[in-house]
1. Taking the residues in segment 263-276 that are in contact (Cβ under 8 Å) with a residue 60 or more places away in the chain and either surrounded by fewer than 18 Cβ atoms within 10 Å (Cβ to Cβ) or part of a helix (DSSP H, G or I) (or both) as candidates, determine which candidate is farthest from the ligand (Cβ to nearest atom).
2. So which residues in segment 382-397 are of a type outside the set (Phe, Trp, Tyr), open to solvent by 10 Å² or more (accessible area, probe 1.4 Å) and more than 9 Å from the ligand (Cβ to nearest atom), if there are any at all?
3. Name every residue in segment 230-250 that is over 20 Å from the mean Cα position of the chain (by Cα) and not in a helix (DSSP H, G or I), in order of residue number.
4. One residue is enough: does segment 302-313 have a residue meeting the conditions without any contact (Cβ under 8 Å) to a residue 60 or more places away in the chain and either hydrophobic (A, V, I, L, M, F, W, C) or over 30 Å from Arg495 (Cβ atoms) (or both)?
5. Any idea which of (1) open to solvent by less than 20 Å² (accessible area, probe 1.4 Å); (2) within 10 Å of the ligand (Cβ to nearest atom); (3) touching a Ser or Thr at 6+ places or on another chain (Cβ under 8 Å) is the one Asp400 doesn't satisfy?
6. Looking at segment 242-256, is at least one residue crowded, with 18+ Cβ neighbours inside 10 Å, within 12 Å of the ligand (Cβ to nearest atom) and of a type in the set (Ser, Thr, Tyr)?
7. Pull up segment 320-368, narrow it to residues that are in contact (Cβ under 8 Å) with a residue 60 or more places away in the chain, within 13 Å of the ligand (Cβ to nearest atom) and buried (at least 18 other Cβ atoms within 10 Å of the Cβ), then point me to the one that is nearest to Val411 (Cα to Cα).
8. Which is within 14 Å of the ligand (Cβ to nearest atom) and either without any contact (Cβ under 8 Å) to a residue 12 or more places away in the chain or surrounded by 23 or more Cβ atoms within 10 Å (Cβ to Cβ) (or both), of Leu451, Leu441, Leu406?
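The values are calculated or read from the model by the stated rules, or taken from the named source; none is laboratory data. Remember, predicted model here, so these are calculated numbers, not experimental data. Here the Cβ positions follow ideal geometry from the backbone for every residue, glycine too, while neighbour counts run over all protein chains shown. To get the accessible areas, we keep the full protein, side chains included, count just its heavy atoms, and leave off ligands, DNA and RNA. Shrake-Rupley method; radii C 1.70, N 1.55, O 1.52, S 1.80 Å.
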Amino acid sequence: MIQRVVGQVAPGPAAASVYAVCNRMPPGNHVNDTRLLCFRRDLRLADNPALCAAAQAADRLLCVYLHDDAEHCGGAAGWWLHRSLAALDDALRARGNRLLIARGPALATLAELCAAHGVGAVHWNRGYEPAQLARDSACKAALRDAGVATHSHPGSLLHEPWDIRRESRDGPAPYRVFSAWWRRASQHIDHPLQALPEQLPPPPDDAGGLSLDALRLCDGRPWQARLGEHWRPGEDGAQDALADFIDGPAANYAAGRELPGQRGTSRLSAHLHHGELSARQVAHAALRLADGEDRARFLAEIGWRDFAAQLLYHFPQTVAEPLDQRFAHFRWEDDAQALRAWQRGETGVPLVDAGMRELWQTGWMHNRVRMVVASFLCKHLLIHWRHGAAWFMDTLIDADLASNTLGWQWVAGCGADAAPYFRVFNPVAQSRKFDAGGDYLRRWLPALARLPDRHIHAPWEAPQQLLDAAGLRLGRDYPLPIVDLAEGRRRALARFAEIKGA
Ligand code: FAD
């Protein structure tokens, strides 16, 4: 429960304060204007449209993070969120404000806060997931009825999901093919960034609130302790990560992004997901790079994030249902043991296991490896992509409903612009191609470290004397493959052929 501070406030002053803003009353007639800014996945001060608008208009600004338990937050993302909120509070305090933490159903809690502090207007940056849209329209209607103005702002994407549509016979329709969408979307990505005043309006007196620990975002699971070795949540960490990328790997992004053993990508996904950086800030930084393939490729990846959000906005059912309805009756296998082996990185297939262990230990996995582990689960093991997506949502620091749903449906072959169903990644060939020297495998699978490069990708094919020399006994130090790769591929193709043309 939030801490109650003041009693009910009559609707009169609240309505007057909205009037003061909208009609720019001269100073003599000025009434106190308290505004509430609801932080969500926009945990930053820079280029934050809602914060900017609220700060410009308010005399007093109540900055709130409202945690609704009904909204899913996985374990790794929860760890991140805790630290990001702490960093946001520090940043707000440095500018004369602070973060009030509240917990409860969004509408009731917001209404209570507005009444307690005499809030005349509430600002937030929009979210586009189905639950966020439902929550926001309910809040908008109820607060309006209570005499509180609401202002929603575009703060998360390059484009609003409804902005770019294609012409179809039946009128405007959402894009389902990335390249066509991006041809239009990429023409306008240099939107001006929002500035923030050095000093923010102060919070209302006695703003109160919960302690961050009360949200219990970090549940003490052992792997959470290790995440801090790899990441620095918060806006400063995000800005540093962006600068490191722009000054380093960005210059070789097109090739480097494919190599999981190298630091070839930006590793910005969790910062972007939590809104410690806006997509527009990232696009601005990238646009300062030399024009060429590396820049174009990186901007397109930022585009995929937007594309995922617009797909989820237009096709909300895809969280649980395949976009391609032919897959609705696909015969998946129910194999709890294989799923467990996949989750633990104990399938006996090195690239799959290395990826799943990287995920477990760092909360992140390289994109190429995400595709390989996902393909292995839903093609070689024929386990429903929803099980994989759920595991990712719990273990990824960047767990994002839109990007995760797109990624899984793409790999399974049932989503928008998806890989064709007959594309079954061969994890050994992928490993040889993208981790030829075995750097990535050795980092995450120390048991295989002493195998020569030639055999590390498929240890079961290595001669016994080499295994002995590497001190490796398969089945004891490292598992034998839980599925024969060639047989698994055949089985997947046969199963997928059942729905072909259905
Ligand atoms: P970079 O290569 O540096 O890309 C820059 C940014 O572009 C990323 O931070 C991300 O915001 C965006 N981006 C890059 N690739 C994609 C993509 N394919 N789809 C959407 N956005 C992209 N990404 C998530 O942020 N959250 C997820 O939950 C998620 N789940 C995925 C599940 C599967 C099965 C697959 C195949 C991909 C998933 N991705 C997800 C996309 C992608 O793997 C990650 O965004 C990327 O690996 C993050 O690393 P990076 O920041 O170094 O990326």
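1. Filtering segment 263-276 for residues in contact (Cβ under 8 Å) with a residue 60 or more places away in the chain gives 265, 267, 269-270, 272-276.
Now narrow it down to the ones that are either surrounded by fewer than 18 Cβ atoms within 10 Å (Cβ to Cβ) or part of a helix (DSSP H, G or I) (or both): 269-270, 272-273.
Working: Ser269: 3, Ala270: 7, Leu272: 4, His273: 5 Å.
Only one residue tops the list, namely Ala270.
2. Matches in segment 382-397: His384, Arg386, His387, Ala390, Asp394.
3. Within segment 230-250, just Gly248 meets the criteria.
4. Start the filter on segment 302-313 by keeping residues that are without any contact (Cβ under 8 Å) to a residue 60 or more places away in the chain, which leaves none.
No.
5. (1)
6. yes
7. Taking the candidates together, the pick is Arg368.
8. On the way: Leu451 fails: within 14 Å of the ligand (Cβ to nearest atom); Leu441 fails: within 14 Å of the ligand (Cβ to nearest atom).
Only one candidate qualifies: Leu406.
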